[in-house]
Amino acid sequence: MYLPNKALAQIPVPQVIRQGNQITFNGQTWAAKWSQWQVGASIRTGISDAAIMQRLGIELLKNRSESTQPVRWFSDPTLTPLELPVKIINKQYRHLDITELAQRFGWQMQVDGNTLQINAPIARVEAIRQGRHSWGLRLVFDLNRATSWQVETVAQKLAPEPEDPNPDREKTSPQKPPEPLQELIVTIDADLSWLLTSQTNNQLLLPESNLTATVKTNPNQTILSILLPATWKPRIWTQPNPSRLIVDIRADSQTERDIFWAPGLRWRQRMISIGSEEFPVVWLEIDLRQRGIALRPIWSSPSGMKGIAPLAEMAEREGAAAAINGGFFNRNNQLPLGALRRDGRWLSSPLLNRGALAWNDKGDFKIGRLTLQETLIDADGRSWPILFLNSGFIQVGISRYTREWGADYIPLSNNEIIIETRFLEETGFVAQVTQQWLGGEAGKTAFPIPANGYLLVIRNSPDIAASLPMGTKLRLESTTVPDDFASYPQILGAGPVLLLNGQIVLDARDEKFNENFVQGKASRSAIGISPEAKIIIAAVHNRTAGPGPTLTEMAKIMQQLGASDALNLDGGGSTTLYLGGQLLEHPPRMIPRVHNGIGVFLQPVF
């Protein structure tokens, strides 16, 4: 049970009078969260910061307090600062109060059921200018007034990035992926002047560059499209007097952020240098010693361990304000391959003595390699080791499955022997064998998992099954190695371990990762702990004009972010960092579906 955070309590709690998830701006409709609340006699209107950035083009600047958010939108932050009050809605989303902003720019707002309707004066693009710089190309759109704009990147013939490989499958050598491309689409909610329409003829010449661009028009919209290398990071921003939208096309751009998003939760991003290489890094800092904030493992399916889903979908369903993708899984059968423990319940056991993170709600953390040792002991003292608990990893011997796995178990391999046990109340003996079945062909028959017991699955070991006939009474002993992991109620496994006590301790081969994984350059996600006991969750998708970091580079990045201990998470195409309704700095590709993650909760009551 958590008490309300004092810092959160100091921010006036909005008395929400209505809210919805759709906004119409000058006839264009978006899915976006909004709310209205009453302060005295005034009705205030807030929009999620995700929609503020993605749909209106408002840039979030560095703030000093969780209660206000400075922004830039056709304004000078020094001469004409814009600071929007902040409200945390439903413990998940940060809404920015746009009431004064709307008045300043002449917007009319009204509510129609679930939809917030905004009507703004129609803008016009009066000129398009361009200039060459040492770092790349700049395009400037001169406007007669401020207007909303959106940016979209669409992958072009982008091959799927390989997932972190299955440890039992070796590849002879890493394959160099083809050079991926992205289409940058900038939509300006403004008419294109008739003179420019006749001059451009849908083509925008970019001299002294290998780039091609088009400018198209829709009613009240001007749309710029440019094909770029996928690793480039264009920057789009605004200036006032006169109103200008600026598109900087360059390989090394990264918008720096340092935003106190909520008490105990800080959003940061900047370029990190490792030797001669530069990496755009986005990360969250979480202070679990501050009351009112907590971390929990989250997973895709409410009904069991089978399934994958987008991280944002998981986070929103569970009520998390932020999240990062977690441990490994088998994408084919959608089953976990590593440790998951929540509130003291083992959902899935560790794998191959790989790295894991353990924590509690007092702010204590531990990163290290982890094994769960379970042993069955019968009345005669005979014992059998259990290899895995609720795992999709298959080996010869015994695995155990509980209701955390789901209501049923379906064989993962041919000719398994399924043994049902049910708990007894007799002192000294935990369970009794009540059924034995032949599993038959993999994937065919569902065997119910008893709510008051568990299933033992025997693979290629008929002698073990013969030793456990009907009526056998079994005691289960369980311990972790190291043993202090057992005292932590929350555990998530991944690997390899990157840092311990500030030093790089990376040994991916010893954690049974294959050579392709060890040597590869790919998108990465990681979690770390600072000496001040703050959690750092970070994602890196590429380096400047190149692929993502190696494991060693990721370890060095985590050092620079302030971590003393750090663990690599399931990276590659699974890499996802979520905050308040948006994916942070996610590259142009299909939204990944993952098995599990780590959720950040505000003012939780579990």
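The values are calculated or read from the model by the stated rules, or taken from the named source; none is laboratory data. Everything numeric here is computed off the predicted structure, so don't read it as measured data. Neighbour counts run over all protein chains shown; Cβ positions are idealised from the backbone, glycine included.
If you filter the range 381-415 down to residues that are out of contact with any strand residue (DSSP E or B) (no Cβ under 8 Å at 6 or more places or on another chain) and of a type in the set (G, A, S), you find that the one that is surrounded by the most Cβ atoms within 10 Å (Cβ to Cβ) is G406. Of the residues making up the range 467-481, those that are touching a Phe, Trp or Tyr at 6+ places or on another chain (Cβ under 9 Å), of a type in the set (A, V, I, L, M) and either closer than 11 Å to I419 by Cβ or not assigned by TED's automatic domain parsing to the domain that holds T402 (or both) are L468, L474.
Looking across the range 16-42, the residues that are among the aliphatic types (A, V, I, L, M), touching a Ser or Thr at 6+ places or on another chain (Cβ under 8 Å) and either assigned to a loop (DSSP other than H, G, I, E, B) or within 27 Å of A123 (Cβ to Cβ) (or both) come down to I23, A32.
A single entry from L498, L476 fulfils the requirement of being more than 26 Å from I398 (Cβ to Cβ) and either within 25 Å of the chain's Cα centre (by Cα) or in contact (Cβ under 8 Å) with a residue 24 or more places away in the chain (or both): L498. Filtered by the rule that a residue be more than 31 Å from the chain's Cα centre (by Cα) and part of a loop (DSSP other than H, G, I, E, B), the range 86-112 gives F105, G106, W107.
Under the condition of being farther than 14 Å from D364 by Cβ and small (G, A, S), the residues counted in the range 283-299 number 1. Scan D484, D507, D463 and give me the residue that is out of contact with any Phe, Trp or Tyr (no Cβ under 8 Å at 6 or more places or on another chain), assigned to a helix (DSSP H, G or I) and either without any contact (Cβ under 8 Å) to a residue 60 or more places away in the chain or under 17 Å from I557 (Cα atoms) (or both). Among D484, D507, D463, only D463 is out of contact with any Phe, Trp or Tyr (no Cβ under 8 Å at 6 or more places or on another chain), assigned to a helix (DSSP H, G or I) and either without any contact (Cβ under 8 Å) to a residue 60 or more places away in the chain or under 17 Å from I557 (Cα atoms) (or both).
Determine, yes or no, whether G548 is crowded, with 16+ Cβ neighbours inside 10 Å, modelled with pLDDT under 95 and closer than 30 Å to A251 by Cα.
It is true that G548 is crowded, with 16+ Cβ neighbours inside 10 Å, modelled with pLDDT under 95 and closer than 30 Å to A251 by Cα.
Here's the yes/no breakdown for (1) charged (D, E, K, R); (2) over 23 Å from G326 (Cβ atoms):
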{"position": "N241", "(1), (2)": "no, yes"}
{"position": "D248", "(1), (2)": "yes, yes"}
{"position": "E278", "(1), (2)": "yes, yes"}
{"position": "R291", "(1), (2)": "yes, yes"}
{"position": "K306", "(1), (2)": "yes, no"}
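Against the test of being among the β-branched types (V, I, T), more than 16 Å from L567 (Cβ to Cβ) and in a strand (DSSP E or B), the options I367, I377 yield a single qualifying residue, I377. There is at least one residue in the range 168-183 that is at pLDDT below 65, in a loop (DSSP other than H, G, I, E, B) and in contact with a Gly (Cβ under 9 Å, 6 or more places away or on another chain).
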